[in-house]
Amino acid sequence: MPRQRTPTAKARVEGRHIKNPKRYKPNEPTADAIGDPPAWLNEPQAAAWREFAGELPWLNRSHRCIVEIASIVRARLQAGDEVGTKALSLLRLCLSSMGATPADASKISWAPEEEPDDLLD
């Protein structure tokens, strides 16, 4: 069984990022931001899209199709519609693909822009 991934925060505390900086450097965004929801989504689905965009800031244009599917299922859940196990399984798969589950979030090496430290000036 492979070793578990060391969280980036723990690696920084232990100084591992100094010994092997390429392993712990955040990935650069590969595409433009995810953007606005598609016009064909209705308002509840578009609201779900915006929620995903706010909750998962690393999403980009390459995730649009997955977010569309997840937004449709999430809007059905939020509206209180009957949602079967197949739809919930599809939502879980989409969340996993987007890095929105705890296990998958550890694989995302995204870092928000850090504010400059005024003490270093």
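The values are calculated or read from the model by the stated rules, or taken from the named source; none is laboratory data. Just so it is clear, the model here is predicted, and its values are computed rather than measured. Note that we place each Cβ from the backbone using ideal geometry, even for glycine, and neighbour counts take in every protein chain shown.
Selection within segment 4-51: residues that are polar (S, T, N, Q) and modelled with pLDDT of 90 or more. The member of this set that is farthest from Cys65 (Cα to Cα) is Asn42.
Tally up the residues in segment 67-100 that are part of a loop (DSSP other than H, G, I, E, B), surrounded by 13 or more Cβ atoms within 10 Å (Cβ to Cβ) and without any contact (Cβ under 8 Å) to a residue 24 or more places away in the chain, please. Of the residues in segment 67-100, 1 are part of a loop (DSSP other than H, G, I, E, B), surrounded by 13 or more Cβ atoms within 10 Å (Cβ to Cβ) and without any contact (Cβ under 8 Å) to a residue 24 or more places away in the chain.
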